[in-house]
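First the structure, in the form of structure tokens, and then the observations on it.
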Amino acid sequence: MQVILFTPGLNGPIEELQHSIAELVGSNNLEIFRTITNFTQRLQQPVDNPTVAVLAAATKEDLADILAIRSWLERVKVIVVLPDNETETISQGHKLHPRFLTYADSDFQDVAAVLCKMLSFEKY
């Protein structure tokens, strides 16, 4: 499984998530992007099946940038990390049709657990 991590912010906490993902899928199967431009360019290239995009929006502006390119996300499974748990933010996050949705103030163990479950299902 290929994992694409888009994280324009959340430097401290996201490093733990990045490490957890690398342990699950291996560093060769993890691509990390910090800018929406580079992330979009990657999505425009062919993706291996299955591919999961973990989208960690540090701000509402980051979320708006992601929403602007959501048509490129149709070929991948999506996990979303939202900047807050306000009703409008959650509503916006669901427009990305995520397999899992969590918040920036989580410890990200839930994201690792969901990825682990997705990996186990992909083996069959």
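A few notes on this one:
- Screening VAL76 against (1) closer than 16 Å to LEU5 by Cα; (2) free of Cβ contacts under 8 Å to residues at least 40 places away in the same chain; (3) surrounded by 14 or more Cβ atoms within 10 Å (Cβ to Cβ); (4) out of contact with any helix residue (DSSP H, G or I) (no Cβ under 7 Å at 6 or more places or on another chain) leaves a single unmet condition, (2).
- Any chance ASP65 is surrounded by 14 or more Cβ atoms within 10 Å (Cβ to Cβ), charged (D, E, K, R) and without any contact (Cβ under 8 Å) to a residue 40 or more places away in the chain: no
- Selection status of THR102, of a type in the set (Val, Ile, Thr) and either buried (at least 17 other Cβ atoms within 10 Å of the Cβ) or in contact with a strand residue (DSSP E or B) (Cβ under 9 Å, 6 or more places away or on another chain) (or both): yes
- Those helices (runs of 4 or more DSSP H) of the stretch 43-124 in which at least 2 residues are modelled with pLDDT under 90, considering only elements entirely within it, cover 109-122.
- Within the stretch 23-30, none of the residues are more than 17 Å from ALA112 (Cα to Cα), free of Cβ contacts under 8 Å to residues at least 40 places away in the same chain and not in a helix (DSSP H, G or I).
The values are calculated or read from the model by the stated rules, or taken from the named source; none is laboratory data. Everything quoted here is computed from the prediction, not taken from an experiment. No Cβ is skipped: glycine too gets one built from the backbone with ideal geometry, and neighbour counts run over all protein chains shown.
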